[in-house]
Amino acid sequence: RKYNEVDADFARDEGEEDLSLESWRAGHKRFFTRTLAEIGREFSEDMPLICERFRVIYK
């Protein structure tokens, strides 16, 4: 899915900061802007992401 298609459920499930979509977007925008600049690329709201969920099956 694209960055701007990430929903509140995914943001909450990732479990960072206050679990809101707004904080997820702000934090990830900072990360992607900084990281992409290192390789000469720019952040874009419609850039594709790989969004994965994992399920614990054994502890």
Test Glu5 against the criterion of being surrounded by fewer than 12 Cβ atoms within 10 Å (Cβ to Cβ) and either among the hydrophobic types (A, V, I, L, M, F, W, C) or within 12 Å of the chain's Cα centre (by Cα) (or both), and give yes or no. no
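Kindly indicate whether Ser44 is surrounded by 11 or more Cβ atoms within 10 Å (Cβ to Cβ) and more than 12 Å from the chain's Cα centre (by Cα).
So Ser44 fits the description; yes.
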The conditions are (1) part of a loop (DSSP other than H, G, I, E, B); (2) exposed (fewer than 13 other Cβ atoms within 10 Å of the Cβ); (3) among the aliphatic types (A, V, I, L, M), and Ala26 fails exactly one of them. Which is it? (1)
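For Phe10, indicate whether it is in contact with a Cys (Cβ under 8 Å, 6 or more places away or on another chain) and not acidic (Asp, Glu). Please lay out each step first, then the result.
Values: in contact with a Cys (Cβ under 8 Å, 6 or more places away or on another chain): yes; not acidic (Asp, Glu): yes.
When the stated conditions are applied, Phe10 passes them.
Could you tell me how many of the residues in the stretch 26-59 are touching a residue at least 12 places away in the same chain (Cβ under 8 Å) and either of a type in the set (A, V, I, L, M) or more than 20 Å from Arg1 (Cβ to Cβ) (or both)?
The initial filter retains those residues of the stretch 26-59 that are touching a residue at least 12 places away in the same chain (Cβ under 8 Å), namely 28-29, 32, 43-49, 51, 53.
Applying the additional criterion that residues be either of a type in the set (A, V, I, L, M) or more than 20 Å from Arg1 (Cβ to Cβ) (or both) yields 47, 49.
Number satisfying all stated conditions: 2.
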When you check Phe10 against the structure, is it surrounded by 13 or more Cβ atoms within 10 Å (Cβ to Cβ), on the phi < 0 side of the Ramachandran plot, assigned to a loop (DSSP other than H, G, I, E, B) and at pLDDT 95 or above, yes or no? no
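The values are calculated or read from the model by the stated rules, or taken from the named source; none is laboratory data. This structure is a prediction, so every number in the text was calculated from the model and none was measured. Neighbour counts are summed over all protein chains in view; Cβ atoms, including those assigned to glycine, are modelled from backbone coordinates with ideal geometry.
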